[in-house]
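Encoded as structure tokens, the structure appears first; notes follow it.
The values are calculated or read from the model by the stated rules, or taken from the named source; none is laboratory data. Not measured: the values here are computed from a predicted model. We place every Cβ from the backbone using ideal geometry, glycine too, and count neighbours over all the protein chains shown. Keep in mind that these areas ignore ligands, DNA and RNA; they rest on the heavy atoms of the full protein, side chains included. Shrake-Rupley method; radii C 1.70, N 1.55, O 1.52, S 1.80 Å.
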Amino acid sequence: MIQIIPAIDIIGGECVRLSQGDYDRKTVYAASPIEMARLYAGAGVKRLHLVDLDGAKAGAPCNLPVLRDIAAENLLRIEWGGGIKSREGLEAVLNAGADYAIIGSLAVKKPELMEEWLREFGGDRIILGADVRNGKVSVNGWLEDSPLSIENLIDRFLPFGLKEVIVTDISKDGMLSGPSTQLYLDLMKHYPDIIFTVSGGISSMKDIENLNEQGLPRVIVGKAIYEGRISMEEIKNLSSGTYSI
């Protein structure tokens with residue numbers, strides 16, 4: 001059964017969602033990150049995807065108090081992305097309670113550091129995050145496109161123990177238009193030993209059912225939950241194994 005990983009994107013300590021990574025197309029939601037985390041835990045969710053959008057812009061973690069508050073409740077495993085551009089940033093995130101650190105821009109710009117961290121902390125804690133637009137990986141909070149493809153990055157880090165990759169199709173993110181399923185199927189076929197997480201475009205449980213039928217193991221869901229297209233009850237039923245897929 002596919003695992004739902006709810007996303008909480010943070011700006012200024014608040015839950016937000018962007019459309020296609022555009023900071024000027026921001027929706028702020030009423031519930032706080034800690035309130036949302038509690039709701040997800042109550043629905044049986046085991047893993048949470050936290051994104052520090054301020055940190056992604058600033059190049060250093062900016063919303064660590066949110067991470068500390070959620071981690072202190074010991075309800076969920078937390079994967080954290082945004083602002084990890086140095087060892088200090090990585091250690092700050094792990095020390096604040098993140099179980100997994102998602103490395104995106106740094107993996108492109110300073111691959112030798114990514115290699116070092118994979119060797120030191122292992123592929124069980126260091127996750128490659130690749131945000132893809134028009135076939136190329138974007139960096140710096142989706143503000144800049146690199147010349148590299150997702151395959152270039154995976155090939156670079158496989159020898160150093162890479163195990164998990166989150167791939168976001170920026171063109172789909174926040175648009176509720178359905179995921180880029182074929183992209184993930186192609187990657188799974190080419191890299192059978194890597195765990196891929198689908199990110200971007202989920203609009204309903206039907207999208208998740210389709211991904212499950214195709215054998216995708218994990219999916220990050222954000223806007224569809226906040227806008228009521230996927231209910232907490234559906235998440236609870238999926239997490240408990242009672243959802244009919």
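In segment 76-97, how many are open to solvent by 30 Å² or more (accessible area, probe 1.4 Å), under 19 Å from Ile5 (Cα atoms) and either modelled with pLDDT under 95 or among the aromatic types (Phe, Trp, Tyr) (or both)? Explain how you work it out, then say what you get.
As a first pass, look at segment 76-97 and keep what is open to solvent by 30 Å² or more (accessible area, probe 1.4 Å): 77, 85-88, 91-92, 95.
This time we only want the ones that are under 19 Å from Ile5 (Cα atoms), so: 77.
Then keep just the ones that are either modelled with pLDDT under 95 or among the aromatic types (Phe, Trp, Tyr) (or both); that gives none.
Number of matching residues: 0.
Can Gly12 be described as more than 18 Å from the chain's Cα centre (by Cα), over 20 Å from Val165 (Cα atoms) and open to solvent by less than 30 Å² (accessible area, probe 1.4 Å)? I'd like the intermediate steps shown before the answer.
On the way: more than 18 Å from the chain's Cα centre (by Cα): yes; over 20 Å from Val165 (Cα atoms): yes; open to solvent by less than 30 Å² (accessible area, probe 1.4 Å): no.
Answer is no for this residue.
Just need a number here: residues in segment 223-245 that are of a type outside the set (D, E, K, R), open to solvent by 10 Å² or more (accessible area, probe 1.4 Å), at pLDDT 90 or above and not in a helix (DSSP H, G or I).
Residues meeting the conditions: 2.
Regarding Arg156, is this residue in contact with a Ser or Thr (Cβ under 6 Å, 6 or more places away or on another chain) and either surrounded by 21 or more Cβ atoms within 10 Å (Cβ to Cβ) or not aliphatic (A, V, I, L, M) (or both)?
So Arg156 fails the test.
For Leu176, work out the one condition from (1) among the aliphatic types (A, V, I, L, M); (2) surrounded by fewer than 21 Cβ atoms within 10 Å (Cβ to Cβ); (3) modelled with pLDDT of 95 or more; (4) not in a helix (DSSP H, G or I) it doesn't fulfil.
Among (1) among the aliphatic types (A, V, I, L, M); (2) surrounded by fewer than 21 Cβ atoms within 10 Å (Cβ to Cβ); (3) modelled with pLDDT of 95 or more; (4) not in a helix (DSSP H, G or I), the lone unmet condition for Leu176 is (3).
How do the pairs read when you match residues in segment 190-219 that are among the acidic types (Asp, Glu) with residues anywhere that are open to solvent by 40 Å² or more (accessible area, probe 1.4 Å), using Cβ under 8 Å and keeping only pairs 6 or more apart or on different chains?
Asp193/Lys163; Glu209/Ile245; Glu213/Ile245
Sort out which residues of segment 28-66 are in contact (Cβ under 8 Å) with a residue 12 or more places away in the chain, part of a helix (DSSP H, G or I) and of a type in the set (Asp, Glu), and write them in order of number.
Matches in segment 28-66: Asp54 only.
Residue by residue through segment 186-222, note down the ones that are in a helix (DSSP H, G or I), aliphatic (A, V, I, L, M) and open to solvent by 40 Å² or more (accessible area, probe 1.4 Å).
The answer is Met188, and nothing else.
Restricting to segment 45-69, name every residue that is at pLDDT 95 or above and of a type in the set (Lys, Arg).
Result: Lys46, Arg47, Arg68.
Got at least one residue in segment 51-66 being open to solvent by less than 20 Å² (accessible area, probe 1.4 Å), closer than 24 Å to Leu216 by Cβ, within 16 Å of the chain's Cα centre (by Cα) and of a type in the set (Asp, Glu)?
no
Could you tell me which of the residues Ala72, Ala130 is small (Gly, Ala, Ser), open to solvent by 70 Å² or more (accessible area, probe 1.4 Å) and touching a residue at least 12 places away in the same chain (Cβ under 8 Å)?
Answer to the selection: Ala72.
With respect to Gly200, is the statement that it is under 25 Å from Arg125 (Cα atoms) and modelled with pLDDT of 95 or more true? Walk me through how you get there before you give the answer.
Numbers: under 25 Å from Arg125 (Cα atoms): yes; modelled with pLDDT of 95 or more: no.
So Gly200 fails the test.
Assess whether Leu148 counts as being of a type in the set (A, V, I, L, M, F, W, C), touching a strand residue (DSSP E or B) at 6+ places or on another chain (Cβ under 7 Å), at pLDDT 90 or above and in a loop (DSSP other than H, G, I, E, B).
Here the answer is yes, as Leu148 does meet what is asked.
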